Amino acid sequence: MKIFKNFVSVLMVLCVLLLLFSCGKTENNGETTVPDIAVKETVSATEKEKRIPTVEEVAEANLLENLLKRNECVYYKDECDYSTTTEIYFTFNSQTVRACDQIIHEEDIRFKTAEYKGMSMLAIDDGKMYVRAFFDEFGTEEAGNIDEPWYNDSIAYPLIDDNLRFKEETDEFYVYENLDDDPKDEYYIQSVCYVDKETLNVMKTVHVNDDIVVEKNYVYNEPTEMMDVLDDWNGKMKTVTVVYDTYENGESVRYSREYEVPENWEVLPDNAKYETPPFFAYFDEGYTKEYTYPGDGIDYTIYVSTSVG
């Protein structure tokens, strides 16, 4: 009887072992498959192997339209004997904005500028910000592109145009440099770009030309006061129309553009090019009433001419 009980005990142990063995694998058309846990461990190990991103991938990630999807804002500060400039990029009402705060030391003048919806804005010293109507760009490609601002590649520019390729990987950065360029070439400028490994944000660019070193360090998600320059655009608006009469190929041509701006902002005609003739602004088509700001909350039209005055 005792022998029989021992035999039964051994048999039960063998059954349990057989059951455990069969649970450790599954049959699929007669083929044994690896348990799920082993597959997951294999995938996990593969995922840990990070591929070095290409220059093109990093450039695409640092176009402002993509960069500002991952970050609230980004700015850099440039200081020299002549001036101090802080340039910041952020999103306002789903549009990319470029804003600058520049102090000219020798002249003790401060300029605040902003680019928004294809418009250029300016404030001098502590004056009010106004929209600059570059009438000499009316009817040209330089008039501005709202969907893709001209500064969309401001940070990605070295990755696009400086012939960079991957150089090395550090604990923090992927480093890209123009390694294929000839340092003996008289036009050679060393260009290096440091990219954060986790976010793919460009953190620093360095350009070296002989003894001249130009370095930009980018700071992310630290808002500055310049992000408040467009606050008025969330309030009541007005429409200002600028009409520009000029001559092309000996014939009279008229251009016009409407600006929708905050009710307390002014639109001032301006010429983007330095070598354009003097211009004059009026309130009427006959050029008899010189322009002066009519006040807040009023829609109005400005007539601009370079041949009257």
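The values are calculated or read from the model by the stated rules, or taken from the named source; none is laboratory data. Model, not experiment: these values are computed from the prediction. Methodologically, a virtual Cβ is constructed for each residue, glycine included, from the backbone with ideal geometry; neighbour enumeration extends over all protein chains shown. The protein model used for the area step is the full one, side chains on, heavy atoms only, and it has no ligands, DNA or RNA in it. Shrake-Rupley method; radii C 1.70, N 1.55, O 1.52, S 1.80 Å.
Numbers at a glance
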item: Accessible surface ranking that places the most exposed of 51, 132 first, with a 1.4 angstrom probe; result: 51, 132
item: Cross-link pairs beyond the 30 Å C-alpha cut-off, checked among 197/273; 216/236; 77/236; 77/273; result: 197/273; 216/236; 77/236
item: FRET efficiency, 1/(1 + (r/R0)^6) with R0 22 Å, evaluated for residue 95 and residue 283 via beta carbons; result: 0.10
item: Relative contact order (percent, whole number), the range 139-254, Cα cutoff 8 Å, 6+ residue spacing; result: 12
item: Sequence of 98, 110 from largest to smallest accessible area, 1.4 Å probe; result: 110, 98
item: The range 164-228: trypsin sites (Lys or Arg not before Pro) falling in loop per DSSP and having at most 10 other Cβ within 10 Å; result: 184
item: Exposure of residue 300 as accessible area (Å², to 10), given a probe of 1.4 Å and all protein chains; result: 20
item: Hits among aspartates and glutamates - C-alpha to C-alpha of residue 69 under 14 Å, sequence gap 8 or more where chains match; result: 60
item: Theoretical gain in end-to-end length, residue 307 to residue 199 [0.36 nm per residue, Cα-Cα removed]; result: 33.4 nm
item: Members of 117/204; 50/117; 112/204 lying beyond 30 Å, as alpha-carbon distances in this model show; result: 50/117
item: Candidates per GluC sites (Glu not before Pro) in the range 76-173, loop by DSSP, up to 11 other Cβ within 10 Å; result: 106, 107
item: For peptides 155-161, 245-251, 176-182, sequence by mean Cβ density within 10 Å, most packed first; result: 155-161, 176-182, 245-251
item: Restricting the range 185-239 to chymotrypsin sites (Phe, Trp or Tyr not before Pro) in coil, as DSSP defines it, with at most 12 other Cβ within 10 Å; result: 187
item: Unit charges on C-beta of K, R, D, E only; dipole of the range 173-309, Debye; result: 320
item: Residues whose placed amide H lies under 5 Å from that of residue 178, excluding near-sequence neighbours; result: 165, 191
